[in-house]
Amino acid sequence: MGMELSVAGLTDVGLARKHNEDCYEINRDHNLYVVADGMGGHSHGEVASRIAVDSICDFIIAEGADCDGAFGARLEEAVRSAHEEVLRAIVRDASLQGMGTTVVGMQVCGKRAALAHVGDSRAYRWRDNQLGLLTQDHTWVHEQVLAGYLSEEQARHHPLKNVVTRALGSEKEVVVDLQQVDLASGDTYLICSDGLTSMLDDPEIADVLRQSSDLEEISRTLVSEANRLGGLDNVTVVLFAVS
Ligand code: CA
């Protein structure tokens, strides 16, 4: 028993970078949405984020998208296999050493969604005119916030704010955060790279969501706002709404 979903996605290189190392995929057949933000010199971030997105989609397609009790575990397994794929690419080509990628993926099954993430790409829920952050950044500054050493505001402007503590491809083992989300009619979900959230704070993102219910328009506005505020990074947004 599926819910009606509308979907939109957009990625943009921004104003400061030469390459777009973000990538995203929307797979409507499997209600699967993935955003990845690659890192590594010589545009190798592009390689890592593409491998991650492709291997997550391939894994889900190969395993089938049955809405059984295992669909969350399957998404987590897909992220793990993406991590293995990034590591294998580095073994095959030593010049790729140091590449890695964040990933955030959501898969809708009936009235629930699985949400898996690694790194500082985020997922938000827009419900009842309120924006809620569903993910915790795997960053050094966020760890300092949790420990009480930095405020959220200090973390936003900290020189080490881009240091991620988890990424696909960076360690032998990866720890994937997995959660189940209960969907309600009227919800809109946003998954995005940090190129959005480093330029717009949560109230600014909420303002954009409040002004329109057209997902294509929201995507374009979020990207253009990120660029208007500096466009210092690649920016990627994927939105889906439950009707
Ligand atoms: Ca980024």
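Structure notes:
- Subset of the stretch 75-90 (residues that are open to solvent by less than 60 Å² (accessible area, probe 1.4 Å) and either out of contact with any Phe, Trp or Tyr (no Cβ under 8 Å at 6 or more places or on another chain) or in contact (Cβ under 8 Å) with a residue 60 or more places away in the chain (or both)): Leu75, Glu76, Val79, Ala82, His83, Glu85, Val86, Leu87, Ala89, Ile90
A quick yes/no check of all residues on (1) part of a loop (DSSP other than H, G, I, E, B); (2) in contact with a strand residue (DSSP E or B) (Cβ under 9 Å, 6 or more places away or on another chain); (3) within 16 Å of the ligand (Cβ to nearest atom); (4) on the phi > 0 side of the Ramachandran plot:
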| residue | (1), (2), (3), (4) |
| --- | --- |
| Gly148 | yes, no, no, yes |
| Gln154 | no, no, no, no |
| Glu173 | yes, no, no, no |
| Val181 | no, yes, no, no |
| Leu190 | no, yes, yes, no |
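- For the stretch 38-54, filtered to residues that are assigned to a helix (DSSP H, G or I) and open to solvent by 10 Å² or more (accessible area, probe 1.4 Å), the residue that is nearest to the ligand (Cβ to nearest atom) is Glu46.
- Residues of the stretch 117-133 that turn out to be open to solvent by 30 Å² or more (accessible area, probe 1.4 Å) and within 11 Å of the chain's Cα centre (by Cα), as a count: 1
- The condition of being touching a residue at least 24 places away in the same chain (Cβ under 8 Å) and within 16 Å of the ligand (Cβ to nearest atom) holds for Val35.
The values are calculated or read from the model by the stated rules, or taken from the named source; none is laboratory data. Just so it is clear, the model here is predicted, and its values are computed rather than measured. No Cβ is skipped: glycine too gets one built from the backbone with ideal geometry, and neighbour counts run over all protein chains shown. What goes into the accessible areas is simple: the full protein's heavy atoms, side chains included, and nothing from ligands, DNA or RNA. Shrake-Rupley method; radii C 1.70, N 1.55, O 1.52, S 1.80 Å.
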